[in-house]
Amino acid sequence: MNSIAKSLLKSVERGQAVWLRSSSAQSGKRHLRKLVLGIETSCDDTGAAVVDDAGNVLGEALHCQKEVHLQTGGIIPVVAQQLHRENIEQVVKEALGVSGVSVRELAAIATTVKPGLALSLGVGLQYSLTLVNKYQQPFIPIHHMEAHALTIRLTHHLEFPFLVLLLSGGHCILAVAQGVSDFLLLGQSLDIAPGDMLDKVARRLSLRKHPECHSMAGGKAIEHLAQTGNRHQHTFRLPLQQYRNCHFSFSGLQNLVNNTIIQKEKEEGIQEGEILSCVKDIAAAVQHAVAVHIIQRTYRAMLFCIKNSILSSRNATLVVSGGVASNQYIRKGLQTLADENDFAFLCPPPRLCTDNGVMIAWNGIERLRAGLGVLHSTDGIRYEPKAPLGIDISKRVEEDSIKVPKLRKKIQW
């Protein structure tokens, strides 16, 4: 481990990592319902939760590594791995303790095994299998993106099928959820995810040095500064305009933004690392470009699903989840899109949009009910850093070549 990684780990001991806890009012009581412990370590947050089959969150704990990774402007996998190792036992004990439930009372243990950072996934899987083997409990391996997609069924009464847009730092996916483990993949990012792109732009703009943003993650800093910026000062060409599919691309857009930043630095006579006077305008323009790109592809997905009777025009729903779903500018545009197309629009609460143990436990409950993927032998179980979601029908979408019309109702950004 290099010196930077070691210094970051030392910072955790000084209290720079964050603990979050919550519990239901029913904590401590014995339940006749089935209970699942969920464990999440796919990226940089260590989460655990106990959820029952009525959707009650009995106890949860989350160890957040954000402050540590902010110091380097990005996640260092070996640091994330070490922090997971140091905190997973305490996080699980915390969730179990708040819930008043012992491991022996669980119906199963559910854990994220795909996709994610290999080093992080390995920590969660190894710890979970130790519990499973010690207490002879069933094990439910969880697909991280499936868990994000189904979280809405914990917070809302929603029947299948529905259209789901998953936006995060690592993923950008459009899919139809037809069942607990039954997805049709309409499109996904061909390169990087929107959250990753916004974080990289924030680093290039040195937003950690901005007085309003020093403690904010990159995407949050962009959203904050964009509120008082003028997006009309810069126009970025939208990606994939010539392709009538539901795929996304953000790397080319990032390059366009970087070129604009370089040009403005030359005009203002400043070096990389200094704050541009037009930083708020750039933030507003890049956020707008990301939002419009996402809205256009989602619009095509809606039209495709209605045209092919995959969703009923009478009761169609768009679900938006993942960390980037908490961006209010993007959410507002998607809300307007849903309203105009007579889709219901649903998002989990912000704390359940980001990675957490609750969504993993709930996915475990859903699979337990359906009798899907509940393992009584863990022989040969492995983590998978890359894993597709559902059946890929993106070529069918492209073959339909649906032209996306302009929205009749103007989005009130």
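Whether any residue in segment 259-269 is open to solvent by 10 Å² or more (accessible area, probe 1.4 Å), in contact with a Gly (Cβ under 9 Å, 6 or more places away or on another chain) and outside any helix (DSSP H, G or I) is what I want to check. Within segment 259-269 (the criterion being open to solvent by 10 Å² or more (accessible area, probe 1.4 Å), in contact with a Gly (Cβ under 9 Å, 6 or more places away or on another chain) and outside any helix (DSSP H, G or I)), the answer is no, since none of the residues qualifies. Considering each residue of segment 370-377 in turn, none proves to be touching a strand residue (DSSP E or B) at 6+ places or on another chain (Cβ under 9 Å), open to solvent by less than 30 Å² (accessible area, probe 1.4 Å), modelled with pLDDT of 95 or more and not small (Gly, Ala, Ser).
Mind counting the residues in segment 72-127 that are hydrophobic (A, V, I, L, M, F, W, C), outside any helix (DSSP H, G or I) and modelled with pLDDT of 95 or more?
Going through segment 72-127 one residue at a time, the tally reaches 8.
The residues of segment 30-79 that are among the polar types (S, T, N, Q) and open to solvent by less than 10 Å² (accessible area, probe 1.4 Å), listed by number, are 41, 42, 46, 65.
What about residue 391, is it in contact with a strand residue (DSSP E or B) (Cβ under 8 Å, 6 or more places away or on another chain) and either more than 24 Å from residue 170 (Cβ to Cβ) or open to solvent by 50 Å² or more (accessible area, probe 1.4 Å) (or both)?
Taking the combined requirement at face value, the residue satisfies it.
Looking only at residues of segment 292-343 that are touching a Pro at 6+ places or on another chain (Cβ under 8 Å) and in a loop (DSSP other than H, G, I, E, B), we find that the one that is least open to solvent (accessible area, probe 1.4 Å) is 311. On inspection, residue 240 passes the criterion of being closer than 18 Å to residue 173 by Cα and surrounded by fewer than 21 Cβ atoms within 10 Å (Cβ to Cβ).
The values are calculated or read from the model by the stated rules, or taken from the named source; none is laboratory data. This one's a predicted model, so the numbers in the text were calculated from it and none came from an experiment. Neighbour counts run over all protein chains shown; Cβ positions are idealised from the backbone, glycine included. With ligands, DNA and RNA removed, areas are computed over all heavy atoms of the protein, side chains included. Shrake-Rupley method; radii C 1.70, N 1.55, O 1.52, S 1.80 Å.
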